[in-house]
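Reading through the structure tokens given below for one structure.
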Amino acid sequence: MVWNRKIAYIDLTSSKFKIKTISKSLRNQFLGGRGINMYHLYHQIAPGIDPLGPENVLLIGTGLLTGIPALGAGRCDIAAKSPLTGAVGDSNIGGFFAPELRFAGFDHLMITGKAAKPSYIWINNGEVEIRDASHLWGKDTFETQDQIRSDHNDEQIKSLVIGEAGENLVRYANVRTGMKNAAGRTGMGCVMGSKNLKAVAARGTMDLEFPYPDQLLDYCSEMNNMITGSRWARAQSKWGTLIIYSNTNTTGLIRTRNFQLNLLEDGENLEPEVMDEYTIGMSGCYGCSVHCRHRYVLKEGPYAPIFGEGPEYTSLGAFGTMVDCRKMDTVLVANHLVNKYGIDTLEIGGIIAWIMELYEKELLTEKMIDGFDLSWGNEEAVYELIKKISKREGYLGNLLADGFLPAIAKIGKESEYYAMQIKGMSNLHSDERPTPSLALGIATSTRGADHLRSRPAIDLYGLPEELLEEIYGAPVSSNYTSYKGKSRMVWWQELLYAITDSIGICKFQTVFCAVNAPKFEEFSKLINLTSGMKLSKPQIMEIGERVLTVERMFNNREGFSRKDDKLPERFFKEPTKLGFPIVKGKTIDRDKFNTLIEEYYSLHGWDNNGIPRDETLRELGIENKQPLKT
Amino acid sequence: MITGKIEILFQATFREITKKRKIVEQINEDCTFGEILAELAKKYGNDFFNIVNPQTNKISNDILVMLNGKGIREIDEKIKDKDVLIFSLPVGGG
């Protein structure tokens with residue numbers, strides 16, 4: 001049952017480990033996945049440590065619901081202090097690893113220290129081993145997974161692995177599993193590399209226990225029927241997230257040429273239907289009834305043949321609009337390369353777009369250009385930069401491998417204005433100037449510019465205001481360019497996603513996509529049927545608040561506060577140039593935006609500097625572990 | 001009396017149904033969205049009628065219709081010369 005689930009504490013320095021039962025109070029307060037990881041992040045990591053030192057703690061956590069056959073309940077949360085931002089490092093990955101870890105007897109892993117040589121952790125039916133990975137070092141993420149399966153002669157093994165980018169300590173290296181799944185953001189692959197940890201492999205045949213298995217299966221079936229019967233899920237199962245492009249690139253909500261335009265003209269070759277030419281089917285993660293990712297074959301071109309999965313909408317921006325490459329082939333090759341090397345598609349796309357704009361504006365020296373032709377639309381430059389950055393080759397590869405902030409320090413202050421980053425992390429290719437709610441979300445996210453922490457995507461749909469009030473609990477404007485009620489929207493979605501990540505389900509199957517998708521009420525029933533825990537909607541929202549506040553406390557302790565909850569200056573100074581009249585000419589209004597931030601802090605119970613108030617900490621039962629002020 | 005032209009863009013399922021990305025339609029004076037919908041249903045079938053929730057007589061919440069970039073829900077929304085209508089589905093993601 002839920003109270004018997006295990007955590008393994010693994011010290012790579014001493015090669016020792018111990019196994020404990022996850023405490024009842026921790027489960028009650030943080031549920032699992034991201035929630036429990038954030039508790040440990042805050043309590044186990046001393047302030048100011050080097051994220052690449054052995055003292056950083058790598059946390060791997062399955063969700064409370066991981067393993068149920070619904071809502072994509074195969075998510076895994078990976079956390080550490082981020083080597084990219086110095087703030088909360090946290091990233092979420094789908095696929096099949098998380099349920100396999102549970103079948104192998106563990107919900108959470110806490111990995112400390114540094115192995116003396118390349119190693120991997122092998123977890124099998126309640127046993128933990130640290131094994132030599134010398135033969136895996138240097139292999140890409142596909143080869144590594146294949147080799148581990150081959151070594152154990154077991155095709156069912158699921159692994160979290162790093163590629164060359166992680167080995168080379170690229171600060172936004174990701175963690176990968178399967179053909180396509182990635183814990184992409186905040187450099188968790190870099191942390192694994194710093195620990196000489198090439199992989200965590202799991203295989204298990206242990207049972208999962210549920211208190212009400214028949215009712216749980218019935219409810220999962222109900223959820224799956226509801227999801228598959230919806231128009232949005234049917235569309236996602238055909239076109240994946242690429243479908244978003246048709247709309248955003250018509251309306252004018254998509255970053256183009258870094259941030260110079262908000263729509264790619266003549267961008268029809270990136271429309272979702274173009275993928276039909278390459279697609280050989282769709283696939284999904286564990287427990288998913290949608291199957292939103294393409295399986296594709298690229299038969300021609302210098303990189304062919306390529307068999308891959310994806311790309312997501314994110315990659316369409318990273319290797320399409322942001323760098324002004326207008327062919328799906330380019331996106332597919334680049335998508336394959338980032339998956340192979342194990343590097344965050346969004347971060348590297350953002351950083352290549354930035355360097356291309358600096359090249360255009362003649363802000364780079366010859367040494368920095370490093371022989372590249374960084375002109376817009378040069379797909380070969382994109383491919384070469386992915387390789388050079390992943391391998392840390394050449395001046396430019398090394399420069400960009402450390403992320404925005406160190407690169408800005410080397411290139412010069414003037415380059416900062418063009419860097420579309422927040423807290424050192426790149427923004428998605430969405431253009432939030434016309435959408436205050438989306439802008440507020442990226443500014444305040446605990447892990448840097450980020451659309452997956454609080455994005456109220458339904459703000460774009462022009463839904464009836466009475467419906468929005470019913471969801472959010474207070475008046476909210478249905479106009480996406482309005483500021484009214486948008487702080488509340490972001491706050492509510494932030495709590496929802498904190499819970500989504502803690503119970504281990506897919507965000508796409510929540511009120512990310514559609515108003516009638518599952519939210520707190522459905523979570524309450526699922527939590528009960530899965531664990532026996534009885535939690536009301538307000539209690540679940542309070543847990544979400546606790547997770548967020550702990551993250552905020554971690555960041556505050558590392559020196560982050562309101563001064564860091566900001567947008568790039570271009571949001572305030574450069575009006576959007578293209579799109580419909582409702583979008584064109586838009587900037588973010590600085591005063592109104594400041595008010596939004598204050599409202600948002602107030603909803604969380606944080607003061608005007610973004611610091612959780614003492615009474616908030618008391619109510620949430622969070623210990624104040626900040627250094628004493630002298 | 002014909003008073004103008006509008007563009008209608010089809011995305012996602014609607015692109016599949018119509019097999020078109022864009023059409024141009026002529027409109028009469030005092031044209032409403034409901035009239036456009038009737039015309040589209042005549043040309044492309046009842047899928048267009050089905051976007052209206054019969055209980056509320058509004059565009060269903062799981063459909064995204066944008067008029068000049070803004071989501072609309074009312075059937076009697078006025079449509080005028082040079083307007084652009086988008087038929088799409090609300091899908092988030094990243």
Subset of the range A:433-457, residues outside any loop (DSSP other than H, G, I, E, B) and in contact with a Gly (Cβ under 7 Å, 6 or more places away or on another chain), comes to A:457
Turns out the helices (runs of 4 or more DSSP H) fully within the range A:465-564 with at least 3 residues that are of a type in the set (A, V, I, L, M, F, W, C) and within 28 Å of residue A:237 (Cβ to Cβ) are A:465-472, A:486-503, A:520-531
The one condition residue A:234 fails out of (1) away from every other protein chain (no Cβ under 14 Å); (2) part of a helix (DSSP H, G or I); (3) not aliphatic (A, V, I, L, M) is (1)
Residues in the range A:507-562 that are within 14 Å of chain B (Cβ to nearest Cβ) and in contact with a strand residue (DSSP E or B) (Cβ under 9 Å, 6 or more places away or on another chain) total 1
From the option list A:83, A:54, A:69, A:47, single residue qualifying as under 18 Å from the mean Cα position of the chain (by Cα) and touching a residue at least 60 places away in the same chain (Cβ under 8 Å) is A:83
Filter the range A:381-401 for residues that are assigned to a helix (DSSP H, G or I) and in contact (Cβ under 8 Å) with a residue 60 or more places away in the chain; the one that is farthest from residue A:264 (Cα to Cα) is A:391
Within the range B:67-94, the count of residues that are free of Cβ contacts under 8 Å to residues at least 40 places away in the same chain and either more than 7 Å from chain A (Cβ to nearest Cβ) or not hydrophobic (A, V, I, L, M, F, W, C) (or both) comes to 10
Heads up, the helices (runs of 4 or more DSSP H) in the range A:292-380 (entirely inside) with at least 1 residues that are within 20 Å of the chain's Cα centre (by Cα) and not assigned by TED's automatic domain parsing to the domain that holds residue A:181 are A:313-316, A:328-341, A:345-360
Per the list (1) on the phi > 0 side of the Ramachandran plot; (2) of a type in the set (A, V, I, L, M, F, W, C); (3) within 11 Å of the chain's Cα centre (by Cα), residue check on residue B:86 breaks on (1)
Is it the case that the range A:472-480 has a residue that's surrounded by fewer than 24 Cβ atoms within 10 Å (Cβ to Cβ) and within 11 Å of chain B (Cβ to nearest Cβ)? yes
Flagged in the range A:542-593 as small (Gly, Ala, Ser) and within 21 Å of residue A:450 (Cβ to Cβ), in numbering order, are A:544, A:559, A:561
Result of the Cβ filter at 7 Å on the range A:309-320, keeping first residues that are facing chain B (nearest Cβ under 9 Å) and partners that are in a loop (DSSP other than H, G, I, E, B) and aliphatic (A, V, I, L, M), at least 6 apart or interchain, is A:314/A:428
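The values are calculated or read from the model by the stated rules, or taken from the named source; none is laboratory data. Model, not experiment: these values are computed from the prediction. Methodologically, a virtual Cβ is constructed for each residue, glycine included, from the backbone with ideal geometry; neighbour enumeration extends over all protein chains shown.
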